[in-house]
Ligand code: HEM
């Protein structure tokens, strides 16, 4: 009797393992795939973790990485996998990526992992969907317009750039990532909260922000003292500081709701948002506008350091802009429009540097697209890096060649999506470009630099220069 039960038990165990193996490893045994038969090829990897570890394995951000490389050659540019605890379709195909982004809220929906919600808060624009997202986004677009049309907009950016660059006068070595972060943080805090860099609240927010960022990229373990838990606390403190600033502005303004001078005034005067949503909105803007833009600047400096020709051409463009204005004048919107080659450098740094490797979506229903079927409820990851580095779309795709952007209209370009696309297209793209262009203007006119060691941008998949991009610098002259 005991022997029979033993065999039965063993058979059950073997059967269960067989089933698990089938479900997780073999395409044909997965029930959804069995029914539908059309899901792309691929593998579900190991039980529970699936292929997540392989997918997240760090690689230089100007390469595809081993996981995507091997999967694309084995299964094609669209394949299925099991990532972040969910069956997933990974798309490295420009047409499918475009289709996914354009069909936001119709066939697909933004869907970031739970821990991200915990840390960004439930009202963050990155995590909200449907009507709430539309409401927040409309306000974001109004705020972008208000901020850009403020008379001091360009001047503030330039002054902050000059402030940072002039602090290098006696230095021979800097960590560029840190300097770029100081710059983009000061710019966004000025644009959003109207604070200048030497106000005590700015330093307090910056300190909390650094803790916040560490938690955002850490393992989401919510036990006291863990980076994740500290980040949640830091977010709470930033919210309190922001609330205090908002209250102070309200008091100062009194009953005057007509005079909407800047971002904070417009935000305060809107009736469409709850108090919590307003604070969350400020946090999103700070978060979105800080790390990504500083990375873009670091990418530009990194790639230019390896491309003497491109750097020469960039210098010539900025020398000509400087020569055509009086010494005491500030950069204007017309100067910015003349920075054509600079825009090519920025585009190329975005294409090669891949600051955002992919975005998170899920299928709202079964979606048929060409020969593929994307089952309802599955995670869908459009991978921008794979399209940016696809040599059938970009000649010499692995090389930094800003000239490739001459005469192109990238606004309608499916093969170049550093800022995403569709209804969630990044609202801060123009600000990021102006900041980078203005900083580069003063950098190339005032300093020569050489990258020290061989620091490379790495995709973890969040992108970082592991050594902070150390540069040897040498002043040229200290003119504006
Ligand atoms: C080089 C700099 C930047 C890059 C590469 C970048 C990239 C992106 C990408 C790819 C998305 C789409 C996310 C998705 O579809 O799930 C996005 C959204 C967003 N970005 Fe940026 N961004 C940059 C700068 C900025 C700046 C300067 C701001 C704010 C001032 C900003 C604020 C936002 C916000 C609020 C969203 C959410 C939009 C929505 O869900 O509708 N970003 N960004």
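Across the chain, the mean sequence separation of Cα contacts (distance under 8 Å, 6 or more residues apart), normalised by length, yields a relative contact order of 23 percent. Take the Cβ atoms of residue 134 and residue 163, set R0 to 41 Å, and the FRET efficiency comes out at 0.60.
The Rg/Rh ratio for the stretch 132-193 is 1.13, where Rg is the radius of gyration of the alpha carbons and Rh is the Kirkwood radius. Axis angle, to the nearest 10 degrees, between helix 275-305 and the longest C-alpha principal axis of the chain: 80 degrees.
The shape of the stretch 287-396 comes out prolate: with a ≥ b ≥ c from the C-alpha gyration tensor, a/c is at least 1.5 and a/b beats b/c. Once the Cβ-Cβ distance of residue 141 and residue 448 is raised to the sixth power relative to R0 = 51 Å, the FRET efficiency obtained is 0.80. For the chain, DSSP calls about 80 percent of its internal beta bridges antiparallel.
Cα centroids of the stretch 69-126 and the stretch 149-225: 30 Å apart.
Computed across the chain, the Kirkwood hydrodynamic radius from all distinct Cα-Cα pairs reaches 24.4 Å. Based on every Cα atom in the stretch 394-449, Rg and the maximum pairwise Cα distance Dmax equal 14.2, 41 Å. Once the Cα atoms are used to define both axes, helix 429-446 deviates from the longest principal axis of the chain by about 50 degrees. Relative to the longest principal axis of the C-alpha atoms of the chain, give the angle of the C-alpha long axis of helix 340-353, reported between 0 and 90° and rounded to the nearest 10°. In the chain, helix 340-353 runs at an angle near 30 degrees to the longest axis.
Every read-out reported here was derived from the displayed coordinates using simple, explicitly stated rules and does not represent laboratory data. This structure is a prediction, so every number in the text was calculated from the model and none was measured. Every residue, glycine among them, receives a Cβ derived from its backbone with ideal geometry; neighbour counts consider all protein chains shown.
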